[in-house]
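Single-structure report; data block below.
The values are calculated or read from the model by the stated rules, or taken from the named source; none is laboratory data. Predicted, not measured: the structure shown is a model, and the values here were computed from it. Cβ placement follows ideal geometry from the backbone for every residue including glycine, while neighbour counts extend to all protein chains displayed.
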Amino acid sequence: MSAATQHRPAVGGEEWWAYIACAGVPEHVFFPGPGRSARTAREICGRCPVRAQCLEEVLRLRPRTGIWAGLTQPQLQELYRRRDQRRTASRR
Ligand code: SF4
């Protein structure tokens, strides 16, 4: 199964999806497993024309595995945590 079918934000047919740079990339590149390099995935994301849209969707869906928008899971978890903190602070 290709990255085009597995590694994608669930956006329901929005136009930006047609421009993703990870289409056709083997799944293991974006799900490298413990101790494996994220470099290739990050390079692909680095040249993706819809990275901003991808990140927006990732922040909404919060996937807990894989590399998304050029960010590893530790980076994404930190981003989620900071956003949660800001939301909590803004409600006070
Ligand atoms: S930023 Fe990366 S994960 Fe997101 S659509 Fe582009 S290539 Fe795929």
Just the residues that are surrounded by fewer than 11 Cβ atoms within 10 Å (Cβ to Cβ) and either within 18 Å of Y80 (Cβ to Cβ) or in contact with a strand residue (DSSP E or B) (Cβ under 9 Å, 6 or more places away or on another chain) (or both), please, taken from segment 23-35.
G24
Out of curiosity, is A38 over 22 Å from E15 (Cβ atoms), surrounded by 11 or more Cβ atoms within 10 Å (Cβ to Cβ) and within 16 Å of the ligand (Cβ to nearest atom)?
yes
Here are some residues: G66, G24, G33. Which one is under 13 Å from the mean Cα position of the chain (by Cα) and at positive phi?
G66
Which condition breaks for T5 when tested against (1) exposed (fewer than 11 other Cβ atoms within 10 Å of the Cβ); (2) modelled with pLDDT of 90 or more; (3) of a type in the set (S, T, N, Q)?
(2)
I need the full set of residues from segment 41-77 which are near the ligand (Cβ under 9 Å from one of its atoms), assigned to a helix (DSSP H, G or I) and not β-branched (V, I, T), in order please.
A41, R42, C45, G46, R51, A52, Q53, C54, L55, E57
I'd like to verify a number: residues in segment 57-70 that are under 15 Å from P34 (Cα atoms) and surrounded by 14 or more Cβ atoms within 10 Å (Cβ to Cβ), how many?
2
